[in-house]
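Here, each number is a calculation from the coordinates, and none is a lab measurement. No experiment lies behind these values; they were computed from the predicted model shown. Quick reminder, even Gly has a Cβ in these numbers, built from the backbone with ideal geometry, and neighbours come from all protein chains shown.
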Amino acid sequence: MALTVTTVARRSAVIVAALVALLAAVGASLAIGAVDIPLATVIDALFGDLADGPERKIVMDIRLPTTVEAVAVGAALGVAGAVLQGALANPLASPDVIGVTAGAGFGATLILLAFPGSVALLPVGALVFGLVAAAVVFAIAWTGRNRGGVTQVILAGIAVAALFGAATTGLMTAFPDRVQSVVFFMAGGLTPNAWIDLESFWPYFVVGLALALVLIRPLDRLALGDDVAASLGSRPQLIRLGAGICAAVLASAAAALVGLLSFLGLVVPHLVRMAGGTSSHSFVIPASALAGAALLTAGDVLARNVAAPTVLPVGPFMVVLGVPLFLWLLRRTA
Amino acid sequence: MTVASGHEPALDARDVYVRLGGAPILHGASLRVDRGQLVALVGPNGAGKSTFARAAAGILRPARGEVRCMGHDVRRTRGRRLARLRAFVPQRPRVPEGITVAEAVRIGRSPHLRPLARATRRDRDAVERALERTGTARFAHRRLTTLSGGELQRVQIAIALAQEAPLLLADEPTSQLDLGATVSVARLLRNLAEEGLAVLLVVHDLALAAALADEVVVMSDGRTVASGEPREVLAPDRLREVWKVEARLDADEAGHTALRVDWLGAARELEGELR
């Protein structure tokens, strides 16, 4: 009785739908491109049953790395948004709110404009400054009076984001002739050398996702308010700090790989909550991972093929896919 | 660490001092609650009742003094262990969107689960019992955002009962409720005490406190100033001294209580005229 049949059925349906969408997007991502490769051939290539040749090379060396990257980043951003919205009890929370997006944008801009010779350091710059921005936010929000409070975190985040935003603008003004190179990063795009990036950054995804898993139950307690969470043996400020670290790690690593895709972290958790009809984190966090991965992978398929052979930034395409779905659900949900 | 024995009070708070934001809020507050006893904590606004209840629950850290729940020092007992010793029902709980009554009460059971572990049959039974006991089972599938104030308060108590702690602290659970809902929550708390739970109830309504409580503890200006049997403690002299009103508590053996208040100051004027 405690969990009615319809509730379980609805949640399962959303999980299955997200999984199907993800598989479809992954299939399309591997099969569709400048050269269309039949799905059966793709599967043969994945399982090592395809002889060496151009098709095998396209699937394994070009499309598979980008697809894996899209899945990892999409899942990371979906989870980062879900964890932050839960921890801050605020529907507008996303990695933007804790300064990560502005910090990563500044880090990338700094490398691209001031050190164009060291462009290989771009992901590192984005990661480091994303984490630095979040660390500054936490340091401000977790000291002084009312430390660890929701308003404290959000206001500190907005202020620090403004600071890094101003620094980014300053850099662009200082190097106006090189600004072109920043546009792709700001719009978000999957990199061609994804294996190398993933090799360096996979631990951040693993740590962030594992932390999110541990946070599921504490976040459910926190949803009932700080006092109830405390009654249930949790420390609300500690949960918020853990959630902030989790989101900062995931979103910074995501920004390092694909640039700024903040929309995903904001919208995906709302999508799954509206579709699943529950805010329970045991559903919202895994469902956000699946839906985020599906949305980014599908967006990438569009970005690569709409104006082929030119690869467009994935950010706008993901928005084009996600916004209509989001608005449709928004109107249906009471 | 002391191990709880059968004779120890469920809650024993001694000479508690609390500072909030640098300001002293409590200076010398003490009380004890035994198993099967309902103790009402009363006092004027700003006397420190809620702060004392939160310190007694281990949610606020006292600057001085000692609080023991079931024999355990709350400052040394953290997390899920403390949550299995006492449950706290806050005054203004958050009402999250997209959470049903059943989900909320299941969250109340979470101190009994190891991290990442799934609920067992025992946990599910405890949740079921908490829902039944509070009369919330019949709307267990509804979302918290659709409930009335009285229903919400019963859900809060259900969340606390799912913790299966021997001590329940409730901070003004009836302050926002109409008469009928107040009576229903009051009876529930009284019955829980009859069944062996130790209950500390922070309450404004002195007539309600007198009807419900085995013992009343009066707070004034950050201190506990009196405790004992309700009719003795809430005598006219004390009501005048602590609340600055002329009032008399009427109570009969059947459990009816009323507070006769000189609302408009007529008695004092009359007194003046007679003089």
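Among B:139-150, B:252-263, A:126-137, the peptide with the highest mean count of other Cβ atoms within 10 Å heads the list, and the full ranking is A:126-137, B:139-150, B:252-263. Long hydrophobic helices in chain A, taken as whole DSSP H segments with a C-alpha length of 18 Å or more on their own axis and mean Kyte-Doolittle hydropathy at least 0.5: A:5-31, A:64-87, A:122-141, A:150-174, A:194-223, A:236-258, A:262-276, A:281-305, A:314-332. Segment A:84-138 and segment A:278-307 have Cα centres separated by 21 Å. Only bridges with both residues in chain B count here: give the DSSP antiparallel percent, nearest 5. Roughly 60 percent of the beta bridges in chain B run antiparallel, per DSSP.
Taken one residue at a time, the phi angles of segment B:145-157 give Karplus couplings (6.51, -1.76, 1.60, θ = phi - 60°) of 5, 9, 8, 7, x, x, 5, 4, 5, 5, 5, 4, 5 Hz. Gly and Pro are set to x.
For chain B, what does the equivalent ellipsoid look like in terms of its semi-axes, each the square root of 5 times an eigenvalue of the Cα gyration tensor, given largest first in whole Å?
Working: eigenvalues 226, 105, 54 Å².
Gyration-tensor ellipsoid for chain B: 34, 23, 16 Å.
Judged by the mean number of other Cβ atoms found within 10 Å, the most tightly packed of the peptides B:84-91, A:235-242, A:169-176, A:138-145 leads the ranking B:84-91, A:235-242, A:138-145, A:169-176. Model label points for residue B:251 and residue B:117, set 7 angstrom from Cα along the Cα-to-Cβ axis, are 4.3 nm apart. Approximating the spin labels as points 7 Å out from Cα along Cα→Cβ, the residue A:214-to-residue A:12 distance works out to 3.2 nm.
With all pairs of different C-alpha atoms in the average, the Kirkwood value for the hydrodynamic radius of segment B:38-146 is 16.2 Å.
How long are the three semi-axes of the equivalent ellipsoid for the protein assembly as shown, computed from the Cα gyration tensor as the root of 5 times each eigenvalue, in whole Å, largest first?
Details: eigenvalues 652, 137, 80 Å².
Ellipsoid semi-axes (Å, largest first): 57, 26, 20.
The label point for residue A:332 and the one for residue B:264, both projected 7 Å from the Cα toward the Cβ, are 6.2 nm apart.
Applying 1/(1 + (r/R0)^6) with R0 = 56 Å to the Cβ-Cβ distance of residue A:163 and residue B:7, what FRET efficiency is obtained, to the nearest 0.05?
Between residue A:163 and residue B:7 the formula returns 0.40.
Once fully extended, how much extra length lies between residue A:121 and residue A:310, figured as 0.36 nm per residue of separation less the alpha-carbon to alpha-carbon distance? Please report the intermediate quantities before stating the final value.
Details: separation 189, 0.36 × 189 = 68.04 nm, distance 2.45 nm.
Full extension from residue A:121 to residue A:310 adds 65.6 nm.
For a paramagnetic label modelled on residue B:17 (point 7 Å from Cα along Cα→Cβ), amide N atoms under 13 Å away belong, within segment B:61-98, to B:62-66.
Note on chain B: GNM, Cα springs under 10 Å; of B:33, B:67, B:245, the largest mean-square fluctuation is that of B:245.
Let me have the relative contact order for segment A:5-332, percent, based on Cα pairs under 8 Å that are six or more residues apart.
Value for segment A:5-332: 32 percent.
What does the average come to when, for each residue of peptide A:215-226, you count the partner chain Cβ atoms lying within 10 Å of its Cβ? Please report the intermediate quantities before stating the final value.
Numbers: counts 1, 2, 8, 2, 0, 7, 6, 3, 10, 14, 7, 4.
That works out to 5 on average.
So which residue, out of A:313, A:324, A:91, gets the largest mean-square fluctuation from a GNM of chain A using Cα contacts under 10 Å as springs? Fluctuation is largest for A:324. Shape class of chain A from the Cα gyration tensor (axes a ≥ b ≥ c, square roots of the eigenvalues): oblate, since a/c reaches 1.5 or more and a/b does not exceed b/c.
Arrange the following residues from fewest to most other Cβ atoms within 10 Å of their Cβ: B:94, B:118, B:190, A:273. Write out the running numbers ahead of the final one.
Details: B:94 15, B:118 7, B:190 18, A:273 24.
Placing the least packed residue first, the sequence is B:118, B:94, B:190, A:273.
Within segment A:249-268, name every residue whose backbone N is under 14 Å away from a label modeled 7 Å from Cα of residue A:325 along the Cβ vector. Residues passing the 14 Å test: A:264-268. The order of B:205, A:49, going from fewest to most other C-beta atoms within 10 Å of their C-beta, is A:49, B:205. Rounded to 0.05, the FRET efficiency of the residue B:244 and residue B:141 pair, given R0 = 45 Å and the Cβ-Cβ distance, is 0.40. Net charge of the neighbourhood of residue A:114, taken over other residues with C-beta under 14 Å away and scored Lys/Arg +1, Asp/Glu -1, is 0.
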